[in-house]
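See structure below.
The values are calculated or read from the model by the stated rules, or taken from the named source; none is laboratory data. None of these values were measured; they are calculated from a predicted model. Here Cβ is always computed from backbone atoms with ideal geometry, including for glycine, and neighbour counts include all displayed protein chains. Just so you know, the surface numbers come from the protein's heavy atoms only, side chains and all, with ligands and any DNA or RNA stripped out. Shrake-Rupley method; radii C 1.70, N 1.55, O 1.52, S 1.80 Å.
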Amino acid sequence: NMELEDIVEVDAKQSELKKAVSLFLGAFDEHSGTLDALRKAFEPCEEKPIEIIPFSSSKKYSAAYFSNGSTYVMGAPTFVLNVNDLIRLNDLINRYTSRGLRVTVLCSCNKPIRNQILPSYDRVLGLFVLQDEIRESAKQTINYFREQDVTLKIISGDDPVTVSQIAAKVGLSHPEMYIDATELKDESEIEYACDKYT
């Protein structure tokens, strides 16, 4: 389970940010750790979107276009933000991921979604910081495998810094030995990374 830890305004005031996230949440029926945590904090609007792009693990974002002409996109900062905004917000995002927290970003524009193609955003409305609830048995499970001489490795779709910090909390050996798989170019690099990194 995840819980909302913090809301960070970027290019929007908190009232606009809350309204936007409520509108966005009302567009999706599916359940996920992120959406469910946000639904606990914000009441989803009943207005239905004209068009949506559902979340997928390859895109790492979802988006919705509404009758007011606005499109909202929410997802992992490295998949949603352009290079300039990644640089602008890098220190802020790292402040959270270095503590093992997840960060998701909400952006907007006044262009429609057409043929499942996401238009480029105009504004970064804000960041939502989420905390994973670690199971009480996690450390015990890790220790059991260590005692059995099993080498444990984590493969995750989340931010590698966040995952590294969570791995440290549950006692995984060498959690600092991580790599972002989007940087790997071919099978040989993947094979090497599987051996070298935790």
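Quick look at the numbers
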quantity: Probe 1.4 Å, accessible area per residue of segment 140-184, Å²; calculated: 68
quantity: Gln14-Lys59 FRET efficiency (beta carbon distance; Förster radius 25 Å; 0.05 resolution); calculated: 0.35
quantity: Volume per residue that the Cα convex hull of segment 1-49 spans, once the total is divided by residue count, Å³; calculated: 76
quantity: In Å², nearest 10: area of Glu189 left accessible to a 1.4 Å probe; calculated: 60
quantity: Axial C-alpha extent at least 20 Å, average Kyte-Doolittle at least 0.5 - helices from the chain (DSSP); calculated: none
quantity: Helix-only CD estimate at 222 nm, as mean residue ellipticity for the chain, using -39500 (n - 2.57) per DSSP H run (n ≥ 4); calculated: -10500 deg cm²/dmol
quantity: Distance between segment 86-101 and segment 129-198 - C-alpha centres, whole angstrom; calculated: 19
quantity: log₁₀ of I(q)/I(0) at q = 0.13, 0.21, 0.24 Å⁻¹ - segment 80-150, Debye sum with one point per alpha carbon; calculated: -0.60, -0.94, -1.08
quantity: Area of Thr104 that stays accessible when all protein chains are in place (1.4 Å probe, Å², to 10); calculated: 10
quantity: Compactness of segment 136-181 as Cα Rg over 2.2 N^0.38 Å, two decimals; calculated: 1.13
quantity: Low-density loop cleavage sites - GluC sites (Glu not before Pro) in segment 29-70, where at most 16 other Cβ are within 10 Å (DSSP); calculated: Glu30, Glu46, Glu47
quantity: Per-residue SASA entry for Tyr121, accessible area with 1.4 Å probe, Å² rounded to 10; calculated: 30
quantity: Dimensionless Rg/Rh of the chain - Kirkwood Rh, Rg from C-alpha atoms; calculated: 1.01
quantity: DSSP-assigned coil residues among GluC sites (Glu not before Pro) in segment 106-167, each with at most 16 further Cβ atoms within 10 Å; calculated: Glu133, Glu136
